[in-house]
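This report concerns only the one structure given below.
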Amino acid sequence: MLNNLTGILKDELDTPVLLIDMDIMESNIAKMARYFRTVNADLRPHTKTHKTPILAHKQIEAGAVGITCAKLGEAEVMAAAGIKNILIANQIVTGQKISRLVNLARYAHIMVAVDHEENIENLSRAAQQKGVKLQVLVEVNTGMNRCGVSAGESALKLAQKLDKAKNLDFTGLQGYEGHAVAIPDFDERKSAAEKALSLLAETKEILEKNGLQVNTVSGGGTGTYNISGQHPVMTEIQAGSYIFMDSYYRKVLKDFDCALTILTTVISRPNRDMVILDAGMKTVTKEFGLPEVKDIKGAELTGLSEEHGKLDLSKSNLELKPGDKIEIIPSHGCTTINLHDDYYAIRDGKLEAVWNIAARGKIR
Ligand SMILES: Cc1ncc(COP(=O)(O)O)c(C=O)c1O
């Protein structure tokens, strides 16, 4: 039904509404794909950013080897939409989820991360019962201090256990240098990322000395795509944010442009210097800072409440009145997208398509 709106002007859309600038998004996808044709590592885009099968298909068409998901529920949505090669870059540990995981492995090629011995036993038992095989990566903590075992001996122990576990294929290592991806200075970012990657390289060497074959080393993000992407140890990079580039990431990296905005309407102008927008925290998140105003010099968002955004116009001579529409750029795309049901895809100022954000809210 929503697609009946196709062809209407962007400014005629009801607000607040999540927009994709199609030309920019397609250029971001193409640019990243082009880079990965010049290095040995593959691109396995993290779909926790867009959460939408048609966009994952676009990334694969452009050359990605498969996709990364954060959650099992996201992977189920992607597999149901025909995506065959999925890494769940996380630990799946409860009985309920493990049985969903092995079910999913009947329909798609599933890779999953582990960082605990008992988890290996549970995955192996469930995979045997279901008659499926799972590809498994040992997650190494490379400095982000989130999931993952220490580099070296601890990783070796898990890899050896995996190697013997029935119906599990020890496939390699995962290490995400999340502590490095948003360091603004390139040289500092590079040195932090390389320190993290050296832990993976060292671990790989130990495993291989012990007769284990390490086929896959997966990690990396948008901020390190051209650091990790050309490091000899990495076989695949999980960049996600590059598809839209939020305003926070754009400060770190200028290689990709901002494709995601929210069209919002002025609902009030309490005084000359301030207008109130119909977009608040239920429309756009602010953990990485307030959204930026697109293409209006001097206009600055100063606060968000649940359903209102305050826009300071004291440094702008723009005349805005209730009913006028402006676009704002989210500071954090991934969590903002999670608040919305649909994307409105815009080209040449007109609506081209409406896409359901099918994996939005799939946190289980
Ligand atoms: C495991 C993992 N891989 C990769 C990424 C990369 O994402 P981005 O492209 O947003 O840096 C993330 C981000 O949260 C992640 O958690």
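All of the numbers you see were taken from the coordinates with simple rules; none came from a lab. Quantities reported herein were computed from a predicted structural model and do not represent experimental measurements. When we count neighbours, we look across all protein chains shown, and the Cβ atoms used for this are built from the backbone with ideal geometry, even at glycine.
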The base-10 log of I(q)/I(0) that the Debye equation returns for segment 77-166 at q = 0.14, 0.24, 0.25 Å⁻¹, one scatterer per C-alpha, is -0.48, -1.22, -1.28
Under the rule of at least 5 residues apart or a separate chain, name every residue whose amide H is placed under 5 Å from the amide H of Ser268. Ile276
Taking placed amide H atoms and a strict 5 Å upper bound, the residues 5 or more places from Asp342 or on another chain that come that close are Ile357
With 10 Å bins from 0: P(r) over segment 23-244, alpha-carbon pairs, percent: 9, 35, 37, 17, 2, 0
Out of Val39, Ala196, Ile86, whose Cα points farthest toward the positive end of the dipole of segment 23-244 (charges: +1 Lys, Arg; -1 Asp, Glu; placed on Cβ)? Ile86
Measuring from centroid to centroid over Cα atoms, what is the spacing of segment 302-320 and segment 1-70 in Å? 30
Note down the nm distance, to one decimal, between modelled labels 7 Å out along Cα→Cβ at Lys254 and at Ser268. 4.0
About its Cα centre, how strong a charge dipole does segment 317-364 have in debye, to the nearest 20, once Lys and Arg get +1 and Asp and Glu get -1 at the Cβ? 280
Need the full-extension length gain, Glu61 to Asp324, defined as separation in residues times 0.36 nm minus the C-alpha distance. One decimal, nm. 90.8 nm
Taking the dipole about the Cα centre of segment 23-244, with the C-beta of Lys and Arg at +1 and of Asp and Glu at -1, give me whichever of Gly95, Phe244, Leu162 is farthest to the positive side. Gly95
Please give me, ordered by residue number, the chymotrypsin sites (Phe, Trp or Tyr not before Pro) of segment 138-211 that lie in loop per DSSP and have at most 15 other Cβ atoms within 10 Å. none
How much of the DSSP beta bridge set in the chain is antiparallel, as a percent to the nearest 5? 50
Return the sequence-ordered ³J(HN,Hα) values of segment 272-277 in whole Hz as given by the Karplus equation 6.51 cos²θ - 1.76 cosθ + 1.60 applied to θ = phi - 60°, using x for Gly and Pro. 3, 8, 9, 10, 10, 9
Counting Lys and Arg as +1 and Asp and Glu as -1, each charge on the Cβ, what is the dipole of segment 1-131 about the Cα centre in debye, to the nearest 20? 440
Furthest towards positive pole of dipole, Thr264, Asn119, Leu320, structure part the chain, Cβ charges: Asn119
Rounded to two decimals, the Rg over Rh value of segment 312-364 from Cα coordinates and the Kirkwood Rh reads 1.09
Quick one: dipole size for the chain, taken about the Cα centre, charges +1 on Lys/Arg Cβ and -1 on Asp/Glu Cβ, in debye to the nearest 20. 900
